[in-house]
Amino acid sequence: MKFDAPAGKTIVDDPTVIGKSTRRIDGPRKTTGTAPYAYERHDVVSGQAYGYIVGSAIARGRITAMNLDAARKAPGVIAVIAATETEPVGTSPFNTAPLFGGRDIAHYHQAIACVVAETFEQARAAAALIRTTYDRDAGDYDLAKVKDGAKIAPGWSVPEDIQRNGNFAEAYAAAPVQLDQTYTTPDEAHAMMEPFATIAAWEGDKLTLWTSNQMINWSKRALASILKMPAENIRLDSPFIGGGFGGKLFIRADAVLAALGAKAAGRPVKIAMQRPLMFNNATHRPATIQRVRIGTDADGRILAMGHECWSGNLPGGSAENGAAQTRALYSGPDNLTVSYISRLDLPEGNAMRAPGEAVGHLALEVAMDELAEKLGLDPIEFRLRNEPERMPGDPSKRFSGRHLVECLREGADRFGWSARQSRPASVRDGRWLVGMGVAAGYRGAPITKSAARVSLDNAGRVRVETDMTDIGTGSYTIIAQTAAECIGVPLDQVRVDLGDSRSPVSSGSGGQWGAASSTAGVYAACVELRRMVAEKFGMNADTARFEGGRVVDGKTRRRLAEAGPLSAEGQMDYGDFQNDYDMGTYAGHFAEVGVDAYTGEVRIRRMLAVCDAGRILNPLSARSQVIGAMVMSAGSALMEDLVVDKRFGFFVNHDLAGYEVPVHADIPHQEVVFLDTLDDVISPLKAKGVGELGICGPGAAIANAVYNATGVRVRDYPITLDKLIDKLPDVA
Amino acid sequence: MSDPILPVTRRALLGSSAASVAILTAGEAKAGNVAASAASIRMPVSLTVNGTERLLTLDPRTTLLDALREHLQLTGTKKGCDHGQCGACTVIVNGERINSCLSLAVQHAGDEVTTIEGLGTPDKLHPMQDAFVEHDGYQCGYCTPGQICSSVAMLKEIARGVPSHVTGDLDGEMRATDVEIRERMSGNICRCGAYSNIAAAIADVARG
C-alpha cells in the first residue's frame, strides 16, 4: 500500500498493544542462551569445518610472496585459500575496501588468507605458519596533514554535500558577536560484542550463509556481486545479531571467506573473525576536524551559521558529515554547511550509529555552549531564541513534527537545571568539581519501503515473516505488537520470524529507520490480511473491527480463527509528499559530572534525555535504545579513541582492552522521558526511530558539564584526564 | 587438580616430551614436525557441566569456552573476544565466575561448571534471567549470558563478604549497593549499553 498523504484515521489510533511497555518476546531465549547466533548453528548443516583468517601486516603495498606449505601440511588442515592464489573477488555498491584476493593491499589487516581445518585449534595453529612478505608503499594516515587538499564530499543523493543560504561570509564578518572554534573527534569502532561470523554451505551452485548481518537484502545482492553469482542462488539467514551499530550493514570478509573456504574444502565452513582483526579489517567511524563559526546579534539571535567538517577515507569511500544536524537545528538566514573529504589509507570508514550527527553534536552543541557563555545567556535560553520555523539548511522544507523546545524545557525542570551555576568551577563536593551541561539532539527520521507476510492459521494464531533484523533494537517485539494490534489477537498468539532472505524484503536495520519502516510494512500486510478475512466473512473491511480474536461488523460477529488459514503479503511505499518535510527526531540531553579536583578523572553522575520521536511503540525497549546510545555517546566524549599509528597506518589499540568502551562502573542511572507526540507525516503508525537519537547530544552535554565543573574547555575528543589535569583550578 | 580419569597427570605431561603422550595417527606422525605432533595430541577430560558428568577427548589447546560451545554444543556461553577482555564467556566454575576463554578445558578435570543453560530454561527462568527480561537488561543479547552468570556468582561473592575496590568498610556488613554492583560487574562489557537496566535487574534479585 502507498502512504501518499499524512495519516488520517488508521486501524491503530486507539492502541491496546502498541505503545505499551512490553517484555521482549525473544527475551526468554536471549537470557537462557538459546537464541542462536550465526556461529552457533550446529543444527543447520553437518560437517562444519573451521576457518581462521590471516590479516595483512602492512597498510598499503603488495604481497611479494606467501609461503603456504607448512600451513597446508599442518594437522587437520583441509584447505588454505590465499590472496596470491585467488583472483580479487568482486565488489558491491556497499563496499569500498577490497574484501579478498590479489596481491594489492589497501589497508592493514585486509584479509589475505583463510585456513580451513577440522578444528578451530588446528586452523589457528596452521594460520600462524603462513609466511608473507610485502613491498610496503607509503600512505596517508594523518587527517590533519591531508585536510588542506580536501574536496567537497559527495552527498547521499547529490554530487556535492554542501548547503548554503544567503551569504555566510559577509553575515559572519558583520555579526556583532562571533564564535570561531575547531573541534576534533577521533576514529571510533563499533566494537559490537559478537564479532563478524558466518557459516557457509554450498549445495551445488546454491549458497546458504548463516551470518550476522543488519541488512539482509542489501547483503544478498552485494554478495551476488562480490562472488559473481546470481542473487537467487544465495540465501542469508540472520535471526539473531550480537550487535551491529552499522558495522554489520555490509558483507564483510567473514562471509566471503566462509563461502570461498567452503567451496575449496567441499564442506560447510564456519568463521568468526578474531577480535584483534575486527578493528582494522572492519569499517569504523572516521575521525573528523570540524570548524564551527556562529555569528549572532547582541541578543543572541543567530545571523550566520557555518559548520565545516573534514574527514578522510579510502578512494571512493564516504565522508563523515558532522554538519548534518546543523542544517536542521538552528535558524540563521545566512548559513553554510559543508562536508569535505580527503584520501586516507586507513581501513574503510563507514556508517556507525548516527553517522555524521553523532560526532557533529560534539562540535555544534559545544560551540552553542561556548557562545551562550559569551552572550551571557543561559544555554537553554540561547537555543530557544533560535528555534526555526522551517528547516534552516533547506527552507523549502517544513518540519513534520518538532518539539525540541518542549524537550529542553521539560528536561530543565526534571533535571533541576535552575540549580546550575553559570560560572564554571564554582561547585565543589568534597574532592569533586561538579558541573551540569545541556545539549540539543537531532537525528533524521528516514523511512523506507518494507514488506512482510502475515499468516493466520485455523487456531487463530498469527505468524509474521519478514527479512527485517533485530540487532538488539527490539524488532521482534514491536513487530509482534503491530500484528497483534492490527489483527486483534493477544501478543502471545503472534509468532515472528526475522532475518531470512526467503521472506519479504524489509527496510533492514540502519539509520534508525528500522522500527518505523518495518512496522509500517507489517501494517500494510495486516491491512491486506484483514481485507481477506472480511471478504471470507462477507464483511466490509473498512468497517469491520478486529479485537479479542473476533471480527465484528455491525451485528455480524465471527471468530477470527474460522477465517484461517490465510496468508497475505504487503509492502508500505511512500509518496513524494514527504519531500516537502524534514522528518526528524529531537531530544534535550542533560548531564551532571564530577571531575576529580586532583586527578582530572571525570565521573558521570546523572544523565537525562527527553525525547520527541513520535509514537513510541514499546516504551520498555525504546528506553533501552536511548540509554544504550547515551552510553555510547558517553564513550565518545570521554574514552573512545582508535589510536592511529601514523607511520605504519593502522589502529594500534585493536582489541577490547585497548579500545576502551564504557563499562558498568562508568555509567550512572539514566533517565529517559518520551514526549507524547505523533508524527502523521511519517507513516500510519506515526512512529519514528529512537536508536540513534540517543547518541546525538549526550556527549556534548557531558563535555559542557566538564567545562561547567572545571572551566577547562577541551575541544579534542575524547576528554581524558591528561587534557584536563594541568589546567584544573588550584586545589589549595 | 586431581582427576581419576585423566591417565596423565599434569606433572607427567610437563615432565615428558610432547611426543611421549601424543596419540598420533600414522599420517600425522609422518609429518614429523613439532607443530604436527603437538597438534595431534588428544587428552581425555571429565568435567561436570550443569550437573551432568561429561567425558571429552580434546586437543589440549581447547579452551573451556570452546569445549562448551563446539564440543558440548552449549552455545549459550559466548565468545566475544577470546582474550579475557569482554566477559561474554563468563561461566561459574566451582562456584566462582571465570572467563572461560582464559583457561584450557583440560585444566578443569573434575570441576563443576555451570553455564547459562544450567541456570534456567525459557519455560523456567532463573530469577536473574526473569529480572533481566523484566528490566530489559539486554539488547542484542550477546553479552547477556555472561552478564547473568557473572551477576549470579557476584551476589554470592558479596554474601561471602569478598570485598571489591569500592568496598568502604572491610569489617562491616557487605551489601549489594548500586556502586558495588556496578564495580563488580565491570568485567562484563555490554556494548549496547544496557548497564542501567542490568544494574536494576541485579538489584531486584539482590533484594530477594
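Side notes on the structure shown:
- Look at where the Cα atoms of segment A:176-199 and of segment A:388-454 average out, and the two centres are 19 Å apart.
- Mean Cβ neighbour count within 10 Å, used as a protection proxy, ranking A:13-20, B:59-66, A:114-121 highest first: A:114-121, B:59-66, A:13-20
- Pairwise label distance in nanometres, A:Glu232 with A:Asn540, each label 7 Å out on the Cα-Cβ vector: 4.3 nm
- Under the criterion of Cα pairs below 8 Å and six or more residues apart, the relative contact order for segment A:39-144 equals 43 percent.
- Estimated FRET transfer efficiency when R0 is 41 angstrom, pair A:Glu387-A:His669 (beta carbons, to 0.05): 0.85
- Spin-label model, A:Glu601/A:Asp645: points 7 Å from Cα along the beta carbon direction are separated by 3.1 nm.
- Segment A:Arg423..A:His42, full-extension length gain: 131.0 nm, with 0.36 nm per residue of separation and the alpha-carbon distance subtracted.
- Separation between Cα centres of segment A:569-588 and segment A:1-72, rounded to whole Å: 26 Å
- Residues within the reach of a label modelled at A:Val652 (point 7 angstrom out along Cα to beta-carbon, backbone nitrogen below 17 Å), restricted to segment A:175-214, are A:186-189.
- Where labels lie 7 Å past Cα in the beta-carbon direction, separation of A:Asp297 and B:Asp169 in nm: 6.2 nm
- Using the average count of surrounding beta-carbon atoms within 10 Å as a protection proxy, the listed peptides A:458-470, A:434-446 rank, highest first, as A:434-446, A:458-470.
- Listed cross-link partners B:Lys79/B:Lys156; A:Lys555/A:Lys686; A:Lys20/B:Lys124; A:Lys397/A:Lys686; A:Lys30/A:Lys686; A:Lys220/A:Lys686 are compared with a 21 Å cut-off, the Cα-Cα value being larger for B:Lys79/B:Lys156; A:Lys555/A:Lys686; A:Lys20/B:Lys124; A:Lys30/A:Lys686; A:Lys220/A:Lys686.
- Helices assigned as whole DSSP H runs in chain A whose Cα atoms extend at least 27 Å along their own long axis and whose mean Kyte-Doolittle hydropathy is 0.0 or higher are found at A:514-537, A:619-638.
- You can think of it this way: the chain between A:Asp104 and A:Asp205 has 33.5 nm of extra reach, that is 0.36 nm per residue less the Cα-Cα gap.
- Chain lengthening between B:Ser103 and B:Asp178 when straightened (0.36 nm per residue, less Cα-Cα): 24.0 nm
- Shielding by other protein chains, A:614-621, mean Cβ within 10 Å: 1
- Residues whose placed amide H lies under 5 Å from that of A:Phe399, excluding near-sequence neighbours: A:Met391, A:Asp582
- Proximal lysines relative to A:Lys145, as straight alpha-carbon distance under 21 Å, when same-chain residues fewer than 8 apart are discounted: A:Lys646
- Förster radius 60 Å - calculated FRET efficiency between A:Asp413 and A:Thr556, Cβ distance, rounded to 0.05: 0.75
- 10 Å Cβ neighbours from other chains, averaged over peptide B:82-91: 4
- For chain A, the list of Cys residues with no other Cys C-beta under 4.7 Å reads A:Cys114, A:Cys309, A:Cys407, A:Cys611, A:Cys696.
- R0 of 22 Å, Cβ-Cβ distance A:Phe577-A:Val405: FRET efficiency to nearest 0.05: 0.30
- Ordering A:627-635, A:165-173, A:103-111 by mean Cβ neighbour count within 10 Å, with the highest value first, yields A:627-635, A:103-111, A:165-173.
- 17 Å reach of a label modelled at A:Ser567, 7 Å along Cα-to-Cβ, counting backbone N of segment A:451-492: A:451-468
- Shielding of peptide A:658-666 by partners, expressed as the average count of other chain Cβ atoms within 10 Å per residue Cβ, is 6.
- Dividing the mean sequence gap of close Cα pairs (under 8 Å, 6+ apart) by how many residues chain A holds gives a relative contact order of 17 percent.
- Cα gyration tensor category, rounded, prolate or oblate, for the protein assembly as shown with a/c compared to 1.5: rounded
- Contact order normalised by residue count of segment A:252-307, Cα under 8 Å, 6+ apart, percent: 22 percent
- 15 Å beta-carbon shell around A:Arg398, net charge (K/R +1, D/E -1): -4
Read-outs: derived from the displayed coordinates by stated rules, not from any lab. Values in this document were obtained by computation on a predicted structure and should not be read as measured data. Quick reminder, even Gly has a Cβ in these numbers, built from the backbone with ideal geometry, and neighbours come from all protein chains shown.
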